[in-house]
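What follows is calculated from the coordinates using simple rules that are stated; it is not laboratory data. The shown structure was predicted, so the numbers you read here are calculated from the model rather than taken from an experiment. Positions of Cβ are backbone-derived with ideal geometry, glycine not excepted, and every protein chain shown enters the neighbour counts.
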Amino acid sequence: MNKSDFIKELKKVRTGVLSSALIELSEERVKNTTLSDVVNQYNENRFVEPSEIDGREIIKVENIIADSFSAECRFVELAPVLPFGAHALLTKINQKTILTTNRNTEVVADGVIGLSLEAGKEYMNDKNLETLDLANMQRETRAQQHSQPGFTAHYHALSYNSTSKNKDYEVFEIAYFEKHIKQYLKILEALNKKNYKITEVDVYLSNIRVLDLIIKYLALDQKVIQRNTQTPDFNLFNHFKIDIPEKLGIEEMEQFVKRLPDKYAFLKKPLIYMNRAFRQSIENIKSDENLNIPINLTFDLNRHAGIGYYQDLCVKISAKNNRNEPFPLIDVGTTDWVAKLTKDPSIKLITGGMGTEIFIKKFQREEEER
């Protein structure tokens, strides 16, 4: 056995010993636990608090969503746990935000991670597999604390992944972003015809490379950005006094690139690419007669959520309810997770999801409308 193999085996032994010790510790702890302790935990621990939504309503909504997908998309009923380290190693998110178990597993915090693992397994088992569409709807658990009202430790969400063996990355992005955006708009249309009301939809098109380059060339404090990745009212452009528009109308991008100040010349390439890659999707969405909800399409240059998660292009879809309140519901972007898992760089992945539970909470029609 060489040194490398020896170290790997040693790590396995250490992991096994730690897992066994934690399991033994749990067994000892429960001996000193009473039913009163269990009741107190049930009343006080946010991780075990049930959803306030009627389970039948969740089933109804998720049936509508499932029916909107074509037969080529396979729905996967993932296990409630994934291998330890899956979230942090693929997405670089902090392991502290993941609910870890004693048995070398962690509770699913992001369904797209499980779908990516499943896709990787299928590609490794079938070398002739070219494309794969997988979706999942399940309760996800995230350990970070939220100060915003309405956020809970666990919730139902839709996850949707598409993979394709494609040497041309741009061709893949052009085709699959349109496919995913239109799928989510189709879902919103279907829900709007039932007991839910959507008055307007905003589709924000972004390229994470824009902020990556701004951070690099302007030497911005990355710790500040990382601390505020999920802070809704944090405006990176305002905070660091970035003097270019945060958002651009669809028809404004080309002229903006032509007039780009020399200070920001490094942004020209990712802006041109973003405009070119999304252009066909934009035209097809605007001309789609099946989309009846008013849709606004905007280039968002100020997006910072997704740095270290997505590779480049990404999309956020928000909607307004019948009280004209906007809520971000859907997020889509490209990652290299399946390529990493399979060690095959030709496998491209677009991944995303929708918060189904927040949709149910915020978009139900008023009684007089029903």
Inset, instruction - Take every DSSP beta bridge whose two residues both sit in region 54-369, then give the antiparallel share in percent to the nearest 5. - result: 85 percent
Inset, instruction - At 7 Å along the Cα-to-beta-carbon direction for both Ser36 and Ile23, put a label point, then send me their distance in nm to one decimal. - result: 3.2 nm
Legend entry - Selection from Asn45, Ala86, Thr34, by position along the positive dipole direction of region 31-107 (Cβ): Ala86
Inset, instruction - Counting other Cβ atoms within 10 Å, keep those with at most 10, restrict to DSSP loop, and tell me which GluC sites (Glu not before Pro) in region 28-89 are left. - result: Glu52, Glu72, Glu77
Legend entry - Equivalent ellipsoid semi-axes - Cα gyration tensor, region 22-135, angstrom: 33, 22, 11
Legend entry - Proximal lysines relative to Lys258, as straight alpha-carbon distance under 23 Å, when same-chain residues fewer than 8 apart are discounted: Lys216, Lys241, Lys247, Lys268, Lys269
Inset, instruction - Compute the length gained on full extension between Lys179 and Asp243: take 0.36 nm times their separation in residues and subtract their Cα-Cα distance, giving the result in nm to one decimal. - result: 19.7 nm
Legend entry - Label assignment, Cα extents along the principal axes in Å derived from the structure, set (i) 64, 40, 39; (ii) 69, 39, 37; (iii) 68, 66, 47: (iii)
Legend entry - Theoretical gain in end-to-end length, Asp288 to Phe75 [0.36 nm per residue, Cα-Cα removed]: 74.1 nm
Inset, instruction - With unit charges on the beta carbon (Lys/Arg positive, Asp/Glu negative), name the residue among Leu115, Leu99, Gln255 whose Cα is farthest towards the positive pole of the charge dipole of region 54-369. - result: Leu99
Inset, instruction - Excluding residues on the same chain fewer than 8 positions from Lys60, give the lysines whose Cα lies under 26 Å from its Cα. - result: Lys179, Lys182, Lys186, Lys193, Lys194, Lys197, Lys316, Lys320, Lys361, Lys362
Inset, instruction - For an R0 of 35 angstrom, estimate the FRET efficiency from the Cβ-Cβ distance between Ser68 and Leu260 and round to the nearest 0.05. - result: 0.30
Inset, instruction - Specify the residue with the greatest mean-square fluctuation among Asn161, Asn94, Asn302, computed from a Gaussian network of the chain linking alpha-carbon atoms under 10 Å apart. - result: Asn94
